[in-house]
Amino acid sequence: MSKRYGFVMLVYRCIDCKACQVACWAENEVPLGKTRNWITRDGYRGTFPHLSVDYLPGNCMHCDNAPCVSVCPTGASSKREDGIVAVNYKKCIGCKYCMVACPYDARYFHPEKEVADKCTMCKHRLAEGKEPACVTTCVGGARVFGDLNDPHSRVSKLLRKHRHKVLLPEQGTKPSIYYIMERPQEGGNLE
Amino acid sequence: MSTPVSKLPATRPEQELEYKKVQKYRSLIELSTWLVPALLLFLGIIAGLHIVAAGEEALGTSDLVPWGLLIAAYVLLAVTCSGLCMISSLGHILHIRKMEIVLQRAILLAIIILIAGFATLATELGHPLRLIYVLFSPNFTSGIWWMGTIYGIYLVALVVELYMQQTGKHNLARIMYIITLILAVAATSNLGSVFGLINARPFWNGPYWSIYILITAIMSGLAVVTVLAWLMQRKERGYRGDAFRSSLKTTSKGLAILLVLTGVLTFWKITTSLYGGIPAKELATLALLKGPLAVPFWLFEIGLGIVVPLVLIIAGRSERLNYNLLAALSSLVGIVFMRYNMVIAGQLVPAGNLDVQQAFEGFANYLPSSSEILVVIGAISFIILAYRIGEYFLKLD
């Protein structure tokens, strides 16, 4: 079976430090003012005064049913066999249809290359056997990356063991990024 | 028998002087009708080159609002082209004699307007060759691919149709009327589907825009033909002048019907988008009703685009030529904003908006840059100039 890369976000581990964004900027030379990944906030948990908030790290969802792939007039955006939604810069005509069609607003327009750009799961690092920069740098270990088709991978084990969700499921995009919202007991670990 | 000029009673010197003044004044106006569009076209080309060179910096668009005025202008021009073609083809196929005199002119205008539309789109893409590349690397699931390809074929078909008309091959031209009519309907409804196929933008999603754009295409085509017929009837005398006047009244009646239809469609679009309070749909509609697009919507799209022309046509019972002209001009101004509102409103509410704690409230910002505005003005000037040259060289009766 071919690989299908994806992320599992252990939400309780994200501390909103934004190191993933900084690492991505540095690794992928993301232009100033643009970003390939982000951290958003979920609703408050608990009741006053015992309130807490969840941080949701995110990037391109590398959807199985990716609208950006369907709408791209030249096929510059494509879903690779390994699950990565990639952009072929040579084929991109800069029509920005993918940017309009993405329900997660995951794409930006690269001002110098004049193409629509986004997270590539650091495919150049994957080719070298390394994990994406955002995963390597994540201080709390909130971003877990791996092969969703491999039953022994960490991501598969986490998904089997814990309830998880995807963002905007009503869009029918079948994202490859899963969020585990559960929290371990005090001092414990979900794994 | 005509009287020899030498035997005509001599005109008084003051009258002669007055006549010369008027003639001089007229030739100045004539000259300025060439010079002003030429100057504006030149400015448009400079602005276009600036956009190509400077890229995103020269545009008012952003990652939140990726499509701006140039896309709206492309929609405006492509749809107007389709409208003109549909009128011309239907006029020929159904033998609407009252409109005969404007039908060939409508095809010439359609070709010129579509070329202007493609030029606007190429400017937005930042490189003319990117437009052509679509044909060589197709993705058949893309609305833009279908729209672009059909419009490309359609342009070729329009040129063939005009050629057939010009060379007197009427039987072949008749076949082309049917082909271009089918292509016009296909291209226009596909253009609507470019918006309708986007699930991420509830304001656009659905079959509405394909139908709306088809109906408003005919409306914009009728408005352009009305203006054209008014201008022509001013120049022409005798039978030809009467023919233009007659067609002007017919197109105005058609325009009135389509104005009512567009008003009804707009009313239900607004009502269904507000009903039930589906957030992104409702917010985009509120952007039109009382948000950043309120002035373009109420004053231009509804006021000048629908109400004023309808009142003028009804007041003049479509018989008063100047009323008809004003109605057509007013609706054309409205149509410009109609396209703008359609493209921009769908984007003012960000699709993602994933942060629950700090959800994006209000609307994203978009204001066209001066370069974008100049490109659109340049495109319109190009249409005026190219049509006048065409009218001069081609036999369009």
Flag for B:TYR323 being over 17 Å from the mean Cα position of the chain (by Cα), buried (at least 19 other Cβ atoms within 10 Å of the Cβ) and farther than 24 Å from B:LEU69 by Cα
yes
Of the residues B:TRP204, B:TRP145, which single one is within 22 Å of the chain's Cα centre (by Cα) and not in a helix (DSSP H, G or I)?
B:TRP204
So A:SER70, is it closer than 26 Å to B:SER142 by Cα, surrounded by fewer than 18 Cβ atoms within 10 Å (Cβ to Cβ), out of contact with any Phe, Trp or Tyr (no Cβ under 9 Å at 6 or more places or on another chain) and small (Gly, Ala, Ser):
no
So, of the residues in segment A:40-49 that are under 17 Å from the mean Cα position of the chain (by Cα) and surrounded by fewer than 18 Cβ atoms within 10 Å (Cβ to Cβ), which turns out to be nearest to the other protein chains (Cβ to nearest Cβ)?
A:ARG41
Of B:GLU56, B:GLU100, which residue is within 9 Å of chain A (Cβ to nearest Cβ) and either in a helix (DSSP H, G or I) or modelled with pLDDT of 95 or more (or both)?
B:GLU56
Of the residues that make up segment B:53-70, is at least one crowded, with 22+ Cβ neighbours inside 10 Å, in contact (Cβ under 8 Å) with a residue 24 or more places away in the chain and under 24 Å from B:ARG388 (Cα atoms)?
no
Tell me the residue from A:GLY83, A:GLY94 that is farther than 30 Å from B:GLU124 by Cα and in contact with a strand residue (DSSP E or B) (Cβ under 9 Å, 6 or more places away or on another chain), please.
A:GLY83
Verdict on B:LEU70 being part of a helix (DSSP H, G or I) and within 14 Å of chain A (Cβ to nearest Cβ):
yes
Which condition number does A:GLY6 fail, the rest of (1) in a strand (DSSP E or B); (2) within 14 Å of another protein chain (Cβ to nearest Cβ); (3) buried (at least 21 other Cβ atoms within 10 Å of the Cβ) being met?
(2)
Out of the strands (runs of 3 or more DSSP E) lying entirely within segment A:50-136, which hold 2 or more residues that are aliphatic (A, V, I, L, M) and closer than 25 Å to A:ALA26 by Cβ?
A:85-87, A:115-117
On the given criteria, is B:ILE153 within 14 Å of chain A (Cβ to nearest Cβ) and assigned to a helix (DSSP H, G or I)?
no
Given the conditions (1) basic (Lys, Arg); (2) farther than 30 Å from B:SER318 by Cα; (3) touching a Gly at 6+ places or on another chain (Cβ under 9 Å), and given that B:ARG234 satisfies all but one, which numbered condition is not satisfied?
(2)
How many of the residues in segment A:58-94 are over 22 Å from A:CYS134 (Cβ atoms), among the charged types (D, E, K, R) and in contact with a helix residue (DSSP H, G or I) (Cβ under 9 Å, 6 or more places away or on another chain)?
1
So B:PHE140 fits all but one of (1) closer than 22 Å to A:GLY75 by Cβ; (2) surrounded by 14 or more Cβ atoms within 10 Å (Cβ to Cβ); what number is the exception?
(2)
Taking the criterion of being without any contact (Cβ under 8 Å) to a residue 40 or more places away in the chain and either of a type in the set (Val, Ile, Thr) or within 14 Å of chain A (Cβ to nearest Cβ) (or both), would at least one residue in segment B:320-332 satisfy it?
no
Would you be able to say whether some residue in segment A:12-28 is over 26 Å from B:PHE136 (Cβ atoms), surrounded by 21 or more Cβ atoms within 10 Å (Cβ to Cβ) and within 7 Å of another protein chain (Cβ to nearest Cβ)?
no
What number of residues in segment A:100-123 are within 16 Å of the chain's Cα centre (by Cα) and either over 18 Å from A:GLY58 (Cα atoms) or not hydroxyl-bearing (Ser, Thr, Tyr) (or both)?
11
Could you grab the pairs with beta carbons closer than 6 Å, sequence gap of 6+ or different chains, first residue in segment A:91-109 and closer than 16 Å to B:PRO202 by Cα, second one charged (D, E, K, R) and part of a loop (DSSP other than H, G, I, E, B)?
A:CYS98/A:ARG107; A:MET99/A:ARG107
How many of the residues in segment A:161-186 are at pLDDT 90 or above and either aliphatic (A, V, I, L, M) or outside any helix (DSSP H, G or I) (or both)?
17
State which residue is modelled with the highest pLDDT when the search covers only segment B:120-137 and only residues that are surrounded by fewer than 21 Cβ atoms within 10 Å (Cβ to Cβ) and more than 7 Å from chain A (Cβ to nearest Cβ).
B:ALA122
Which pairs do you get when a residue that is on the phi > 0 side of the Ramachandran plot, found in segment B:349-368, comes within reach of a residue that is assigned to a loop (DSSP other than H, G, I, E, B) and modelled with pLDDT under 75, reach meaning Cβ atoms under 6 angstrom, with the pair 6+ apart or on two chains?
B:ASN353/B:ALA359; B:ASN353/B:PHE360
Take A:MET99 and tell me if it is buried (at least 24 other Cβ atoms within 10 Å of the Cβ), more than 30 Å from B:ALA54 (Cα to Cα) and either more than 7 Å from every other protein chain (Cβ to nearest Cβ) or of a type outside the set (Phe, Trp, Tyr) (or both).
no
Could you grab me the full set of residues in segment B:178-195 that are farther than 20 Å from B:LEU258 by Cβ, without any contact (Cβ under 8 Å) to a residue 24 or more places away in the chain and touching a helix residue (DSSP H, G or I) at 6+ places or on another chain (Cβ under 6 Å)?
B:ILE179
How many residues are on the phi < 0 side of the Ramachandran plot and within 9 Å of chain B (Cβ to nearest Cβ) when one looks only at segment A:55-77?
11
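The values are calculated or read from the model by the stated rules, or taken from the named source; none is laboratory data. If you're wondering where the values come from, they're calculated on a predicted model, not measured in any experiment. Glycine also receives a Cβ, built like all others from the backbone with ideal geometry; neighbour counts cover every protein chain displayed.
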